[in-house]
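What follows is one structure encoded as structure tokens, with my remarks underneath.
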Amino acid sequence: MTDTKQIILPDKDHFLAEENPFEAMMSRFDIAAKLLELDTGLYKVLRNPQMQIIVSLPVKLDSGETEVYTGYRVLYNTSRGPGKGGIRFDMAVTLDEVRALAAWMTWKCAVVNIPFGGSKGGVICDPLKMSMGELERLTRRYTSSIIEILGPDSDVPAPDVNTNERVMAWIMDTYSMHKRHTVTSVVTGKPLEMGGSAGRREATGRGCMIVTRESLKHLGMPLKGARVVVQGFGNVGSIAAELLQEQGAVVVAVSDVSGGLHNPKGLDVKDVIAWREAHRYVSGYPKADPVANEDFLTLPCDVLLPAALENVITARNAAKLQAKVIIEGANGPTAAAADAILDKKGVFVVPDILANAGGVTVSYFEWVQDRDGYFWTEETVNQRLEEIMVRSFNNVLEVSKKYAVNMRIAAYTLAIDRVAAVHKMRGMYA
Ligand code: NAD
């Protein structure tokens, strides 16, 4: 018998004020809007999502019982192009969170100046407790329930927490069956064999490496020998760590949900990856000291790269951090209340909407390649990613100098200015 209480959750209101993801995002939005002297009408438009969809998804379980899951899709803003944003399957999904993530996607696509708006989706479920068949039925039902808004020209999903290439393949197939022909460009993050892009898997970590290199260059700190601490050793964290080590940085600590590893002389990142592959988690790795997750972020280092969860840097621990540079690989790792503390300490923070934008940039490349039916080499992908990340970093830096603000507010200012400019040009349909 399925425990339905586990599955059917009301939208939760459990975030502390400083950790409510939508409010955290909006508190930065408000500062940027003020700097830009944003017109009051536009302010109202950009502070509200364009469309929020809630769907009930009946799914036949393997036991023969029926369960009904709740799914969301939020199109935050599509003035610059189709909605772009991942789909997460998780028990912690809430409409508030999906809305915040959709807004982040809007600003992120604008910061790197790619022709997408922002969207996000989620289904409240526990995929770890579901069979492959149940997951497939849930994915297909979710896709068909939001099919009117999906499409290469309207809204393009991608993987997010607990969704992957396989889920994208099911979405692409379901959408294509309804359209009566194959439409690869309806999702990104697909397997290479069915229209995925070379370099997509590494793209977010590679983008983090590029902005770390550019930050240190700007600050006059050598990358060679820079001590790096990486929280989260999944796709983003482990690839960023590996690429940073290749560039001469010394990765002194990494962690995952099982705990942290610390070696002040430097870890061999490839060796830790091999350990994780063999043992699932990093803990137990013999050539380092274990560190508890609560002590991890305050380890001595030059660069801290949070690449795991939201709200890990808060007003409670920000003062204790030792890093001079923070590169936000994760979405929303810093609560709004920590910003002022980090500013006061002189920490250079590269915000998520710039630092982890390498992923959506190569998703854009995937969409372009699918629509063209012509695929690029990995070198071409990496070279174009490099150009966009370096240009975007410099664009944000210029705005930060122009308005004398930190990189986060500069990134929001640049993004909101770009989205607002398109709204002004298009005018209002009323
Ligand atoms: P992932 O699932 O591959 O890795 C997450 C890692 O975080 C795992 O190693 C996990 O063990 C670790 N983790 C979980 N809880 C932890 C804890 N309490 N302490 C320390 N580590 C913990 O996910 P990912 O794709 O690498 O994504 C990481 C973050 O980056 C997320 O915030 C995601 O939204 C963001 N992001 C990812 C991409 C992408 O392309 N993958 C793009 C943009 C942003």
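Numbers for the structure displayed
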quantity: Of I87, A110, P191, farthest towards positive along the dipole that unit charges on Lys, Arg, Asp, Glu beta carbons give the chain; calculated: A110
quantity: Cross-link reach list, lysines versus K179, counting only Cα pairs under 26 Å and skipping chain neighbours closer than eight places; calculated: K60, K84, K120, K190
quantity: For V93, distant residues with modelled amide H under 5 Å away; calculated: C125
quantity: Share of carbon and sulfur in the accessible heavy-atom surface of the range 187-254 [1.4 Å probe, %]; calculated: 53 percent
quantity: Selection from I239, A319, W170, by position along the positive dipole direction of the chain (Cβ); calculated: A319
quantity: Axial C-alpha extent at least 18 Å, average Kyte-Doolittle at least 0.0 - helices from the chain (DSSP); calculated: 21-35, 95-111, 407-426
quantity: Computed lengthening from D295 to M425, 0.36 nm per intervening residue step minus Cα-Cα distance; calculated: 41.8 nm
quantity: CD proxy at 222 nm, helix term only [per DSSP H run n ≥ 4: -39500 (n - 2.57); per residue of the chain; nearest 500]; calculated: -14500 deg cm²/dmol
quantity: Inter-label distance, nm, simple model (7 Å from Cα along the C-beta direction), Y403/N113; calculated: 1.8 nm
quantity: Rounded to whole Å, sorted largest first: equivalent-ellipsoid semi-axes of the chain, Cα gyration tensor; calculated: 32, 27, 22
quantity: Rg over Rh [alpha-carbon atoms, Kirkwood Rh] for the range 46-141; calculated: 1.06
quantity: Surface/4 of the Cα convex hull for the range 130-248, nm²; calculated: 9.5 nm²
quantity: Charged-residue dipole, Cβ positions (Lys, Arg, Asp, Glu), the chain about Cα centre, Debye nearest 20; calculated: 860 debye
quantity: Gain upon complete extension [Y374, K287; 0.36 nm per residue less C-alpha separation]; calculated: 26.8 nm
quantity: Relative packing of 159-172, 260-273, 216-229, 326-339, which averages over residues the other C-beta atoms within 10 Å, highest first; calculated: 326-339, 159-172, 260-273, 216-229
quantity: Cα-Cα over 27 Å, subset of K217/K320; K270/K324; K44/K320; K324/K424; calculated: K44/K320; K324/K424
quantity: Model label zone, D30; criterion: amide N under 17 Å from point 7 Å along Cα-to-beta-carbon; scope the range 331-368; calculated: 335-341
quantity: Pairwise FRET efficiency - S56 versus K344, Cβ, R0 = 45 Å, nearest 0.05; calculated: 0.40
quantity: Rough spin-label spacing in nm, given labels placed 7 Å along Cα→Cβ, for H181 and M194; calculated: 1.9 nm
quantity: Cβ-based net charge around A421, under 13 Å, with every Lys or Arg adding one and every Asp or Glu removing one; calculated: +2
quantity: Chymotrypsin sites (Phe, Trp or Tyr not before Pro) within the range 329-380: DSSP coil, no more than 14 neighbouring Cβ in 10 Å; calculated: Y374
quantity: Using distinct alpha-carbon pairs, which all enter the 1/r mean, Kirkwood radius of the range 47-94 in Å; calculated: 13.0 Å
quantity: Cα gyration tensor, the range 274-430 - rounded (a/c under 1.5), prolate or oblate; calculated: oblate
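The values are calculated or read from the model by the stated rules, or taken from the named source; none is laboratory data. Just so you know, these numbers come straight off a predicted model, no measurement behind them. Don't worry about glycine lacking a Cβ; one is built from the backbone with ideal geometry, like all the others, and counts go over all protein chains shown. Heavy atoms of the whole protein, side chains included, go into the accessibility calculation; ligands, DNA and RNA do not. Shrake-Rupley method; radii C 1.70, N 1.55, O 1.52, S 1.80 Å.
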